[in-house]
Structures are given as C-alpha cells and as structure tokens.
Amino acid sequence: MKKGTVFVLSGPAGSGKSTVRERLMNRGLNFHYSVSDTTRAPRGTEKNGVDYGFVTKEQFEEGIKNGNYYEYARYTGEYYGTPVSQLTPYIERGVNVILEIEVAGAMQVKAKDENAVLVMLLPPSYKVLEERLRGRGTESEEKILKRLARAKEEIQLFDKYDYFLLNGDGKIDDCVRQLELIAETQQYKTKNNPDFPRIFFNTEE
Ligand code: 5GP
C-alpha cells in the first residue's frame with residue numbers, strides 16, 4: 001500500500017503558520033494534523049489533546065527515554081515533540097501528516113525520512129515580520145526581540161527546506177492553495193510510487 005507523506009510547515013512567529021494549516025485542513029484533504037506534546041502552559045482557549053498534549057517536564061523526559069517522540073526540540077526553555085503515535089500509524093495507512101514544528105525538529109524529520117516535504121512559510125521581508133510582531137501589541141519588547149532573533153536563526157536554514165511560501169498581507173489563501181499544489185505534486189513523484197512498475201505489468205485488462 002502506498003504510504004502517506006509527511007509535510008512539515010515551519011516559519012517564524014508572525015508568519016501565519018497556524019492559519020495556513022487550519023485552512024488547509026478545512027479543505028477536506030486526506031491529511032492528519034499531528035498534535036504535538038509540549039511542556040509549556042496552555043494559552044487562551046487552547047485545549048489539551050486538540051492544540052497540544054500538555055505534559056509535565058517529567059512526563060516528556062520519560063517519553064524521550066521510551067522512544068515515544070519521532071522528533072523533539074527545546075524552544076524558549078520548553079520541550080516540544082511529535083509523538084510517534086501521531087505520525088507512523090497514519091503514514092502506514094496512506095494518510096498524509098502535517099507537522100507544524102520549528103526548524104531543529106524539521107531537520108530531524110528530514111534525516112529520518114528523505115521523502116518528507118519541508119515547507120517554510122515567511123513574511124515577504126524581515127521588516128514586515130518586525131511590523132507584524134510589534135503590531136500585535138501583546139508582547140513585551142524583550143519577547144519581540146527574542147522572537148526576531150529566533151527568526152533570523154531560522155531563516156539561516158532556508159536552503160534545507162524544499163519549498164517556501166510568502167505570506168504577504170491578504171495572501172493567506174494563496175499560500176493555502178500553493179501548499180495544496182505542493183501536496184498534490186508529491187503523488188506523482190516516482191519515489192513515492194515504488195510499486196508502480198510491478199502494478200503496471202500485473203494489470204489484467
Ligand atoms: P508555540 O509555543 O508558539 O505554540 O510554539 C513555539 C514553536 O514550537 C513554534 O515554532 C511551533 O511550530 C514549534 N512546535 C510546536 N510543536 C512542535 C513539535 O512537536 N516539535 C518541534 N520541534 N517544534 C514544535
């Protein structure tokens with residue numbers, strides 16, 4: 001049976017990742033959104049098991065020891081990781097999985113699965129990113145500077161990604177459509193269809 005593909009969506013805070021991912025999921029495609037575990041506290045209306053699995057540091061470290069994470073990383077002092085159970089069973093059943101994770105985790109995914117598709121979502125420029133983060137008006141100057149510094153680091157890994165999408169103002173739906181196209185294209189990759197020659201010769205007309 002044909003396996004599903006792993007899609008990784010990364011991008012700095014303020015790039016619009018969650019909106020793009022949510023809209024993609026709403027288009028009724030054959031996608032499972034991988035719900036990560038994290039040790040950070042829930043924010044706003046976030047629900048356990050929906051937005052994240054909220055776990056303690058001890059639980060997370062136990063999970064690492066037991067090999068329960070497909071990838072994991074630390075981000076601003078907290079653990080974030082993709083449980084194997086959110087990925088492997090879906091891929092085996094031919095369902096595509098989308099991970100919304102930061103760059104260190106994305107590199108681990110690529111190292112494990114060369115067919116994984118890495119997509120970086122970016123604002124059109126650093127200046128726009130800065131304006132968006134300041135425009136939210138919800139974070140302290142210190143936090144904004146931390147996120148900007150982190151964004152600079154993340155963009156260093158630009159060439160390790162397969163695709164990038166530019167989320168300019170009012171361009172969210174364009175990004176969703178482009179991501180959908182990228183997903184569709186993967187179906188026609190010879191590498192993703194290793195059984196095709198066998199099927200080709202075995203087909204009885
Ligand atoms: P936030 O705390 O804003 O929800 O997430 C912080 C960062 O962690 C974001 O860049 C988010 O994409 C990333 N992240 C969320 N889940 C995971 C995960 O399972 N693994 C890794 N490596 N990063 C994650």
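Bear in mind that the values in this text are calculations on the coordinates, not laboratory data. Quick caveat, the model's predicted, so the values are computed rather than measured. Glycine gets a Cβ as well: all are built from the backbone with ideal geometry, and neighbour counts include every protein chain shown.
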**OP:** Among DSSP beta bridges whose residues both lie in the chain, state the antiparallel percentage, nearest 5.
**Re:** 30
Subject >> Paramagnetic label zone (point 7 Å from Cα along Cα-to-C-beta, E184; backbone N under 20 Å) in the stretch 89-103 >> reply: 95-98
**OP:** Just need the relative contact order of the stretch 107-194 here, percent rounded to a whole number, with Cα pairs under 8 Å and 6+ apart.
**Re:** 39
Subject >> Rg and Dmax [Cα atoms of the stretch 29-103; Å; Rg one decimal, Dmax integer] >> reply: 12.4, 36
Original post:
At what distance in angstrom do the alpha carbon centres of the stretch 102-130 and the stretch 1-78 lie from each other?
Top reply: 14
**OP:** Quick one: compute the contact order of the chain, relative version, from alpha carbon pairs under 8 angstrom and 6+ residues apart, as a percent.
**Re:** 31
Subject >> Pair S125, V84: separation of 7 Å Cα→Cβ label points (nm) >> reply: 4.7
Original post:
Can you give me the pair-distance distribution of the stretch 6-189, C-alpha pairs, 10 Å bins, whole percents?
Top reply: 9, 36, 40, 15, 1
Original post:
For M1, M107, what's the fewest-to-most ordering of other Cβ within 10 Å of each Cβ?
Top reply: M1, M107
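Efficiency by 1/(1 + (r/R0)^6): what FRET value for N202 and M1, r their Cβ-Cβ distance, R0 = 22 Å, to the nearest 0.05?
Working: r = 15 Å, r/R0 = 0.69.
Between N202 and M1 the formula returns 0.90.
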Subject >> Within the chain, helix-based [θ] at 222 nm, where runs of 4 or more DSSP H residues each add -39,500 (n - 2.57), nearest 500 >> reply: -11500 deg cm²/dmol
**OP:** Counting only trypsin sites (Lys or Arg not before Pro) that are in a DSSP loop and have at most 10 other C-beta atoms within 10 Å, tell me the longest site-free stretch of the chain.
**Re:** 48-205
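Which FRET efficiency value, to the nearest 0.05, do you get for K47 and L166 by plugging their Cβ-Cβ distance into 1/(1 + (r/R0)^6) with R0 = 22 Å? Numbers along the way, then the final one.
Working: r = 31 Å, r/R0 = 1.41.
So the FRET efficiency works out to roughly 0.10.
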Subject >> Nonlocal Lys pairs with alpha-carbon distance under 20 Å, the stretch 6-189 (8 or more apart, or different chains) >> reply: 22
**OP:** Compute the distance in nm between two label points, each set 7 Å from the Cα along the Cα-to-Cβ direction, one at Q156 and one at N30.
**Re:** 3.9
